[in-house]
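Before any comments, here is the structure.
The values are calculated or read from the model by the stated rules, or taken from the named source; none is laboratory data. Keep in mind the model is a prediction, meaning the values are calculated, not measured. Don't worry about glycine lacking a Cβ; one is built from the backbone with ideal geometry, like all the others, and counts go over all protein chains shown. Note: areas computed on protein heavy atoms with side chains; ligands, DNA, RNA excluded. Shrake-Rupley method; radii C 1.70, N 1.55, O 1.52, S 1.80 Å.
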Amino acid sequence: MREYLLTLCVTAAVTYLLTGPVRKFAIVAGAMPEIRARDVHREPTPRLGGIAMFFGLCAGLLVADHLANLNQVFEKSNEPRALLSGAALIWLIGVLDDKFEIDALIKLGAQMIAAGVMVMQGLTILWLPIPGVGTVALTQWQGTLLTVALVVITINAVNFVDGLDGLAAGMVCIASAAFFMYAYRIWYSYGIEAAAPATLFAAVLMGMCVGFLPHNMHPARIFMGDSGSMLIGLVLAAGAISVTGQVDPDVMKLFSGSERNAVHQMVPVYIPLLMPLTIIAIPAADLILAIVRRTWRGQSPFAADRGHLHHRLLEIGHSHSRAVLIMYFWSALIAFGALAYSVNSASMWIVLGVVGLSAVGLVLLLLPRFTPRAPRWAEAFVPPRYRRRRAAPAPGAAEGAGSAEDAASAEAADDEPRAPVPVGVSGGPGVPGVNGATALGARSRVPRG
């Protein structure tokens, strides 16, 4: 565990330290596209954050190769080299896209090629544990097609959800933390060395996200771009493929005893089939809804719009930070809920806990934007946004004078919830049309009439 934590810390440190120089390089290189209609940020922000994340990946793998225990992963398996080869290819395509805006079909082809490169070097699904059937060996073509499909779906799911500051990096970090705990349990508890590469991939992926998040939280100073979102999607898929298709369920010796006991004991084996889906559950749902929505409108499935889940949260009335935190909450609930169920599937408390937290999440999801107001005596100790606004004095009135009724009505009006301004709609007389970030971000400073 110490070596995994050391690898995570080195990856995070390298990513964090390189993100600042990469930001300056992106500005000089002109990788700062103009704000589009579907964007929510207010000013041009440099991309190419994936450069720092890729070098963090390389640093983490290099350190792990020189550690006493993790060095065995590189000696007994070719999966780390396969991951690095596919990551280098997909990262290069992402860098070119961040600078020159490559066509979507070209990127899709590059994703399939990167997955094929990993398959050629041994990172592929060999068999699947199917409930009621047992372990089913896959042919070479079946394993290749399934591996490529999982890689492409995961990459695009992560890429689709990368729409708010810190959203994609945070969600992938939460998912990789749950995946690390699962893979480490398979490796340590059952003594299966084949799960060690997946554990290493999850630790490195956590380091990449943790190191990049301080630069990417709202308001973001740099975006990861496609060079980062496709990269972390590939690493996430590689870990899922490694622990799903490379770990032989027969090694766990879970088929002894009665049929009912065998079913319960086989839950840790079934979870690899579900864990990749739970990891990308939120991004995958967003991806499916986007494809259906765009196809229904007669648009290309790759056409950009403002109908993603995070855009819907902003339209409901949530602030930028709250929308991100809500997405974090649901990602953690799904990923760690599946992890807890794999540890003890017979516990009713786990099911009740997941149901209870889901109810809390629904309340938070439907809760409109609300900023609590501190009492008068506590205003000096809280930020300005939590203070009550003073009523403006009437024209011609002496300074400091005012009507108590006007002040009370102003405070009452200030406490009323405000409806979000629709995207692209003028805010009224004197308020020009605003983009999504302005309409759904900070509060308007235009006096209310």
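See the values below:
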{"read-out": "Cα-projected label distance for A285 with V360, points at 7 Å along beta-carbon direction, nm", "value": "1.8 nm"}
{"read-out": "Mean shadow area of the range 1-125, taken as a quarter of the surface of its Cα convex hull (nm²)", "value": "9.6 nm²"}
{"read-out": "³J(HN,Hα) computed for each position of the range 336-344 - Karplus, 6.51 cos²θ - 1.76 cosθ + 1.60, integer Hz, glycine/proline x", "value": "6, x, 5, 5, 5, 5, 5, 6, 9"}
{"read-out": "Förster-model FRET efficiency, 25 Å R0, E379 and L352, C-beta, rounded to 0.05", "value": "0.05"}
{"read-out": "Nearest-10 value in Å² for the accessible area of H66, using the 1.4 Å probe", "value": "140 Å²"}
{"read-out": "Accessible area expressed per residue, the range 62-189, with surrounding protein chains retained (probe 1.4 Å, Å²)", "value": "44 Å²"}
{"read-out": "Linear extension gain, A68 paired with R81, 0.36 nm per residue minus alpha-carbon span", "value": "2.9 nm"}
{"read-out": "Nitroxide proxy distance, nm - points 7 Å out along Cα→Cβ at F329 and M120", "value": "4.7 nm"}
{"read-out": "Rg/Rh ratio calculated on Cα atoms of the range 77-232 (Kirkwood radius)", "value": "0.99"}
